[in-house]
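Below is one structure; the comments refer to it alone.
The values are calculated or read from the model by the stated rules, or taken from the named source; none is laboratory data. Note that the coordinates shown come from a computational prediction; the quantities given were computed from them, not determined experimentally. Ideal geometry is used to build each Cβ from the backbone, glycine not excepted, and the neighbour counts take in all protein chains shown.
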Amino acid sequence: MEPLLEQIQNQKQVAEFSHNFCESRLTNYTPPEIYNAYTSLIITAFPLILGFPRNTHFYNLACMLAFNGFASFYYHYYLDWNGKQADEMSMILATYFGIEGLLQMYYIGDTSQINKFNGWNTIFMILFLIFNTNSQYDYLFPILFTMYVSIALSLIYNISELYDYQYKRYLFISFIGTKCWFISEVYCNEYTQYGHVVWHALFPLGFYQLILYYDEKMMRLKKLK
Ligand SMILES: [Zn+2]
């Protein structure tokens, strides 16, 4: 049982976490963020419209994406702590499953290598989730998430080099989405606020199309084995 004072302090800490999205800054931090909330639902639509992958790891990633659309809607609508966790946890887990699938592709058939690197992937994922529950480090999420996605990017590059696959056009779409988000946060005004909306659409779209393309290729690789 925690001392009462500590409990109150902890609750206060959670209550005071900051959400600094551009749309909020323009509306004096009063929820909801209408544009950001409703455009989140497009994230759920991608797997439903484009289809689910057959590989189990990529399939799990698609489930996380389908979940993330609703979580992100909730977060942007209420801007509360539970919404933040639902949104960010599903982003972390989507990346986790993505890396798991990419490792399986890169080291196809070599179970010991797959297990070894996926072990580190699992450790990173759980540490990231735990660290992210501390509201003091709230501002570090974009940096840590970029680091985690960079690991996936280096695997995508290595796989493409190894099997001669395309990847640039898919990542370009995601890059444009990321750039728009960045512009909306750094140069926030009534026009750039829509950068976040573009981010909701393009960042998952580029990556998800790449995953579907890789999933198709993975099925062929397995047949060749
Ligand atoms: Zn958002």
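Kindly provide the set of residues from segment 69-113 that are more than 19 Å from Y167 (Cα to Cα), surrounded by 23 or more Cβ atoms within 10 Å (Cβ to Cβ) and more than 16 Å from the ligand (Cβ to nearest atom), ordered by number. If the condition is that a residue be more than 19 Å from Y167 (Cα to Cα), surrounded by 23 or more Cβ atoms within 10 Å (Cβ to Cβ) and more than 16 Å from the ligand (Cβ to nearest atom), then Y96 is the only one that fits.
When P32, P53, P47 are screened for being assigned to a loop (DSSP other than H, G, I, E, B) and either buried (at least 21 other Cβ atoms within 10 Å of the Cβ) or in contact with a Gly (Cβ under 9 Å, 6 or more places away or on another chain) (or both), only P53 passes.
Taking the condition over 30 Å from E33 (Cα atoms), among the hydroxyl-bearing types (S, T, Y) and in a helix (DSSP H, G or I), does T122 pass? When the stated conditions are applied, T122 passes them. Condition check: over 18 Å from F203 (Cα atoms), free of Cβ contacts under 8 Å to residues at least 60 places away in the same chain and in contact with a Ser or Thr (Cβ under 9 Å, 6 or more places away or on another chain). Does M91 satisfy that? No; evaluated as a whole, the condition is false for this residue.
Taken over segment 162-197, the criterion of being closer than 30 Å to M105 by Cα and either among the β-branched types (V, I, T) or within 16 Å of the ligand (Cβ to nearest atom) (or both) is satisfied by I173, S174, I176, G177, T178, K179. If only residues of segment 30-48 that are β-branched (V, I, T) and within 19 Å of the chain's Cα centre (by Cα) are counted, the one that is farthest from the ligand (Cβ to nearest atom) is T44. Give me the residue from segment 127-144 that is at pLDDT 95 or above and exposed (fewer than 12 other Cβ atoms within 10 Å of the Cβ) and, out of that set, farthest from E100 (Cα to Cα). That would be I130.
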